[in-house]
Amino acid sequence: MTFSATNIGANDRINWTLDGPGTISPAEGRTTDYGPPASFDSSHTTATLTATAGILIAAARITLTPPLPGSQTGIWDSSQWGSSNWGP
């Protein structure tokens, strides 16, 4: 999931920090990509992504939910499943 920030009228660098599960990359610039953790942990269901530029701060709260029973994870293997099917 991509997040973006715009610092209108200022040249301060935008820095990103993450408090909670998952990863972000890059940690600096106008956009950052959030990657959820590899597995769901019911004791850690929120993360806070913060953008800071000079004295300006903005934050987004990300809520993590477990996958639905029987749902696919989005792994694509065209050799096993053909050219138009999602596989386990």
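Yes/no per residue for (1) at pLDDT 90 or above; (2) touching an Asp or Glu at 6+ places or on another chain (Cβ under 7 Å); (3) closer than 16 Å to Thr2 by Cβ:
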{"position": "Gly29", "(1), (2), (3)": "yes, no, yes"}
{"position": "Asp33", "(1), (2), (3)": "yes, no, yes"}
{"position": "Asp41", "(1), (2), (3)": "no, no, no"}
{"position": "Thr46", "(1), (2), (3)": "yes, no, no"}
{"position": "Ala51", "(1), (2), (3)": "yes, no, yes"}
{"position": "Ala58", "(1), (2), (3)": "yes, no, yes"}
{"position": "Thr65", "(1), (2), (3)": "no, no, no"}
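Which residues, counting only those in segment 1-19, are under 11 Å from the mean Cα position of the chain (by Cα) and surrounded by 14 or more Cβ atoms within 10 Å (Cβ to Cβ)? Explain how you work it out, then say what you get.
Initially, segment 1-19 is screened for residues under 11 Å from the mean Cα position of the chain (by Cα), giving 1-3, 18.
Listed by number, the residues that qualify are Phe3, Leu18.
I need every pair where a residue in segment 1-24 that is more than 14 Å from Ala51 (Cα to Cα) has its Cβ under 8 Å from the Cβ of a residue that is β-branched (Val, Ile, Thr) and at pLDDT 95 or above, sequence separation at least 6 or different chains.
Gly20/Thr48
The values are calculated or read from the model by the stated rules, or taken from the named source; none is laboratory data. Just so it is clear, the model here is predicted, and its values are computed rather than measured. All Cβ positions, glycine included, derive from the backbone under ideal geometry; neighbour counts span all protein chains shown.
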